[in-house]
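Trainee: Structure incoming, see below.
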Amino acid sequence: MRFESFSFAPEILRAISECGYQKMTPVQQEAIPAIRRGQDVLASAQTGTGKTAAFALPILQKMFDNPTETQRSNTRALILTPTRELASQIADNINDYSKYMEVSVLTIYGGVKLETQAQKLKRGADIIVATPGRLLEHLQACNLNLSNVDFMVLDEADRMLDMGFISDIQKIMQAVNKNRQNLLFSATFSSAVKKLANDMLVKPKLISVDSQNSTADTVSQVVYPVEQRRKRELLSELIGKKNWQQVLVFTATRDAADKLVKELNLDGITSAVVHGEKAQGNRRRALREFKEGKVRALVATEVAARGLDIQDLEYVVNYDLPFLAEDYVHRIGRTGRAGKSGVAISLVSREEERTLADIEKLIGKQLRRITVPGYEVGSRELLIKQIQKRRSFAKKQQREDNTGAQMIAEKNLGSRRVKVKNSSNKAPTKVKKIR
Ligand code: AMP
């Protein structure tokens, strides 16, 4: 279905067309009419499905239909999202969609001076896109008034709850106009998300565009078995040989991310890093350079990369598998977006085989394995067999040594002898003379 069939204002249609969108994605087809009718929405939609436009476009249309003057107390839409990157990205999208409208969008997140944001809040904004913690700080400092909010969106609700934002969200909800329309988007539905949805939504329209915890069909997934210590070598080889130009690489820790970036750069693969300890400016620069193609590999930790939208990103590498199987789905959702194809590569050490099994169980399929010649990892069973073989060989040798030593001793000492037990496998049996 095309956007024209939903009678959007020409200003919005023009902007959508400039974004290159033609047909609606499934979540858009379902959410847009429901939101325009004024219904609350509970949507199970993973990243990459076009969910930002699914809530932003009907909100913009409704604001277009009922214009009001922007004043300090006139924020009309509040969008809460787990990370700063995601907040910036949503704001960028909304700015694109509303470029032919008179709408102001403000992002509020931590890591930036509170005072600077407070000044901007005083000037007012139609739409605020925020992370919960920082928004609450401003609310408590009375820097903004949410009593005129008509639309409240919780984006990636599962991530926000995982990150411990539930009490901040509840406090924020207390401050928001009670007669608002609520939209909740989440990739997964834990009992905590269900409870939040129950507390927040009134007779919501339920939308599920993909089965829970599924991975997009447009992403092909492969596993490269490799020893942990040889992962970097294999990664550099794959990037180089296969000529991957834009690769998002996930590591388990910040230290691992820093180390990997240094090594990739030494290997001649231009790389940058985003993780929680990096200053906001550095993170933005790294992301911009990656998007512009100035760096080839962006190495990221879980949280820093949450929700990153990089147009046409083809390759996502799990340098380390995530601790939680669910995060695998989130990670590889960075590629294969909006129907485009992508490849998710996991470098899996023997120690990670168990996590891999959990992931395969969660997504309901076995991942294809590719063994690169020279990087083979012996299977666990094979390794156990090898160890057993080595042990029985050592025992046999020890027995032979013992017998040999005994015969020599017997020859030397005649019949009067006492054997002293030998504990090592190499040293010959000691023999004590009895006089
Ligand atoms: P999201 O799930 O909101 O993060 O969107 C994922 C990507 O899909 C973004 O790059 C959007 O710009 C893009 N997108 C959203 N809707 C459409 C559409 N109808 N057609 C093509 N691309 C879209």
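The values are calculated or read from the model by the stated rules, or taken from the named source; none is laboratory data. Because the structure is a prediction, the values reported are computed rather than measured. A quick note on method: Cβ atoms are made from the backbone with ideal geometry, for glycine too, and the neighbour counts reach across all protein chains shown.
Trainee: In the stretch 159-175, what residues are among the hydrophobic types (A, V, I, L, M, F, W, C) and either surrounded by fewer than 17 Cβ atoms within 10 Å (Cβ to Cβ) or in a helix (DSSP H, G or I) (or both)? Walk me through how you get there before you give the answer.
Mentor: Start the filter on the stretch 159-175 by keeping residues that are among the hydrophobic types (A, V, I, L, M, F, W, C), which leaves 160-161, 163, 165-166, 169, 172-173, 175.
M160, L161, I166, I169, I172, M173, A175 - these are the residues of the stretch 159-175 that are among the hydrophobic types (A, V, I, L, M, F, W, C) and either surrounded by fewer than 17 Cβ atoms within 10 Å (Cβ to Cβ) or in a helix (DSSP H, G or I) (or both).
Trainee: N66 versus (1) exposed (fewer than 15 other Cβ atoms within 10 Å of the Cβ); (2) over 20 Å from K205 (Cβ atoms); (3) within 16 Å of the ligand (Cβ to nearest atom): which is the lone unmet condition?
Mentor: (3)
Trainee: Mind listing whichever residues of the stretch 188-203 are part of a loop (DSSP other than H, G, I, E, B) and of a type in the set (G, A, S)?
Mentor: In the first step, residues of the stretch 188-203 are kept if they are part of a loop (DSSP other than H, G, I, E, B); the result is 188-190, 201-203.
Selection gives S190 alone.
Trainee: Go through the stretch 18-33 residue by residue and tally those that are of a type in the set (G, A, S) and modelled with pLDDT of 95 or more. Outline the logic, then answer.
Mentor: Start the filter on the stretch 18-33 by keeping residues that are of a type in the set (G, A, S), which leaves 20, 31.
With modelled with pLDDT of 95 or more added as a condition, the list becomes 31.
Here the count works out to 1.
Trainee: Name every residue in the stretch 9-38 that is under 27 Å from K178 (Cα atoms) and surrounded by 18 or more Cβ atoms within 10 Å (Cβ to Cβ), in order of residue number. Give the derivation first.
Mentor: To start, the set of residues in the stretch 9-38 that are under 27 Å from K178 (Cα atoms) comprises 27-28, 30-38.
Residues satisfying the conditions are V27, Q28, E30, A31, I32, A34, I35.
Trainee: Given the condition hydroxyl-bearing (S, T, Y), under 25 Å from S44 (Cβ atoms), away from the ligand (no atom under 16 Å from the Cβ) and modelled with pLDDT of 75 or more, answer yes or no: does some residue in the stretch 321-343 qualify? Working first, answer last.
Mentor: Here is the first cut: in the stretch 321-343, the residues hydroxyl-bearing (S, T, Y) are 328, 335, 341.
Of the ones still in play, those that are also under 25 Å from S44 (Cβ atoms) are 328, 335, 341.
If we keep only those that are away from the ligand (no atom under 16 Å from the Cβ) as well, we get 328.
Now drop any that are not modelled with pLDDT of 75 or more, which leaves 328.
For the stretch 321-343, residues hydroxyl-bearing (S, T, Y), under 25 Å from S44 (Cβ atoms), away from the ligand (no atom under 16 Å from the Cβ) and modelled with pLDDT of 75 or more: present.
Trainee: Only residues that are touching a residue at least 40 places away in the same chain (Cβ under 8 Å) and of a type in the set (S, T, N, Q): list them for the stretch 245-274, please.
Mentor: Once the filter is applied, which keeps residues that are touching a residue at least 40 places away in the same chain (Cβ under 8 Å) and of a type in the set (S, T, N, Q), the stretch 245-274 yields Q245, Q246, T251, T253.
Trainee: On to the next question. Looking for whichever is at negative phi and within 16 Å of the ligand (Cβ to nearest atom) here; the options are S167, S147, S98, S104. Which one fits? Give the derivation first.
Mentor: On the way: S167 fails: within 16 Å of the ligand (Cβ to nearest atom); S147 fails: within 16 Å of the ligand (Cβ to nearest atom); S104 fails: within 16 Å of the ligand (Cβ to nearest atom).
Exactly one residue qualifies, and that residue is S98.
Trainee: Hey, among the residues in the stretch 1-28 that are assigned to a helix (DSSP H, G or I) and among the hydroxyl-bearing types (S, T, Y), which one's farthest from the ligand (Cβ to nearest atom)? Explain how you work it out, then say what you get.
Mentor: Keep residues of the stretch 1-28 that are assigned to a helix (DSSP H, G or I), which gives 3-6, 10-18, 26-28.
Cutting the leftovers down to among the hydroxyl-bearing types (S, T, Y) gives us 5, 17.
Values: S5: 13, S17: 10 Å.
Filtering first and then ranking leaves S5.
Trainee: Which of the residues that make up the stretch 29-50 are over 20 Å from V219 (Cβ atoms) and within 12 Å of the ligand (Cβ to nearest atom)? Before you say what the answer is, go through the steps one by one.
Mentor: Pass one, the stretch 29-50, residues over 20 Å from V219 (Cβ atoms): 29-43.
Result: Q29, A31, I32, A43.
Trainee: Hey, which of the helices (runs of 4 or more DSSP H) in the stretch 215-298, taking only ones fully inside, have at least 1 residues that are touching a strand residue (DSSP E or B) at 6+ places or on another chain (Cβ under 7 Å) and under 17 Å from V348 (Cβ atoms)?
Mentor: On the way: elements: 231-241, 254-266, 280-291.
In the stretch 215-298, 231-241, 254-266 are the helices (runs of 4 or more DSSP H) which contain 1 or more residues that are touching a strand residue (DSSP E or B) at 6+ places or on another chain (Cβ under 7 Å) and under 17 Å from V348 (Cβ atoms).
Trainee: I would also like to ask the following. For the stretch 275-291, which residues satisfy the criterion of being of a type in the set (A, V, I, L, M, F, W, C) and either without any contact (Cβ under 8 Å) to a residue 24 or more places away in the chain or closer than 14 Å to D309 by Cα (or both)?
Mentor: Matches in the stretch 275-291: A286, L287, F290.
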